[in-house]
Structure formats: C-alpha cells, structure tokens
Amino acid sequence: QVQLVESGGGLVQPGGSLTLSCAASGNFFAIIGMGWYRQAPGKQRELVAGAEYGDFVKGRFTMSRDNAKNTVTLQMNNLKPEDTAIYYCAAEALLDRDGSPIEYWGQGTQVTVSS
C-alpha cells in the first residue's frame, strides 16, 4: 500500500506564492509517477501538474520530483482567487514487480487565495 501526505497549504494574498509538498511512503515495488490535482467548490477535479501542466497555469506553477525520496513539490507563484481549491497529491505505483499499476490519492490540502 501507498500513503501520500501533503503539506504547505494555507491562506495567501492574491499575487503571493505558496509551495506544496507531498511524500509517498508504504510498501511498494516502485512509484511510476506523481502529480497534483485540484478541486474547487462546484467544479470537477482537474489536473494541475503531472505528465503535463494544466492550461490554466500559464507558467505560474512548477512541479519538481525527487525520485530517490519519493517526494514531489508544487511551487505556485502569482496566485489568483480562482486558484482557491483543495489540492490533491496523486501517485501511480506498482506494489510488486509483476503487478499492475494502482492509483493512490492523498487527503488533500486547502489553498485559499483571498485579500
């Protein structure tokens, strides 16, 4: 099994910056990929950063991954009120060498952009 723990969420003013971090732990053969999604009230969950960046990012967000530590970071700059959402860390993992990849999700961390 894989456990994902997010940190770094909070309240920030428009135009400010915030950094989110996620660490994967547990018993698994390998982590294939990691990324970030978000979900705002009344909206569907959408991709923030993973294999590709979401179109809404427009160069403001940067994702970094440390494969050795199984961690991923999301640096968010020039935040806007519409960025307010719960941000979720996601990972795709193999529990054993011959298994199929399984998707895991963190509990989510709240990001609020408001003046």
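The values are calculated or read from the model by the stated rules, or taken from the named source; none is laboratory data. Since the model is a prediction, treat every value here as computed from it, not as a measurement. Virtual Cβ from ideal backbone geometry, glycine too; neighbours counted across all protein chains shown. In case anyone asks, the SASA skips ligands and DNA or RNA and just uses the protein heavy atoms, side chains included. Shrake-Rupley method; radii C 1.70, N 1.55, O 1.52, S 1.80 Å.
Take the conditions open to solvent by 60 Å² or more (accessible area, probe 1.4 Å), in contact with a Lys or Arg (Cβ under 7 Å, 6 or more places away or on another chain) and outside any strand (DSSP E or B) and apply them to Pro41. Does it pass?
In short, no.
Any residue in segment 97-115 that's surrounded by 10 or more Cβ atoms within 10 Å (Cβ to Cβ): show its pairings with residues that are among the polar types (S, T, N, Q) at Cβ separation under 6 Å, as long as the two are six or more apart or on different chains.
Every condition considered, the pairs that remain are Thr112/Thr84; Val113/Thr84.
When the residues of segment 3-38 are filtered to those that are hydroxyl-bearing (Ser, Thr, Tyr) and assigned to a strand (DSSP E or B), which remaining residue is farthest from Gln75 (Cα to Cα)?
It comes out as Ser25.
Condition test on Asp55, is it open to solvent by 40 Å² or more (accessible area, probe 1.4 Å), touching a residue at least 60 places away in the same chain (Cβ under 8 Å) and part of a loop (DSSP other than H, G, I, E, B)?
Considered against the rule, which asks whether it is open to solvent by 40 Å² or more (accessible area, probe 1.4 Å), touching a residue at least 60 places away in the same chain (Cβ under 8 Å) and part of a loop (DSSP other than H, G, I, E, B), Asp55 comes out as no.
Return the total of residues in segment 1-25 being open to solvent by 40 Å² or more (accessible area, probe 1.4 Å) and not aliphatic (A, V, I, L, M).
Total satisfying the criteria: 10.
Please specify each residue of segment 61-82 satisfying the condition of being more than 18 Å from Tyr104 (Cβ to Cβ) and touching a residue at least 40 places away in the same chain (Cβ under 8 Å).
Passing the criteria: Gln75, Met76, Asn77, Asn78, Leu79, Lys80, Pro81, Glu82.
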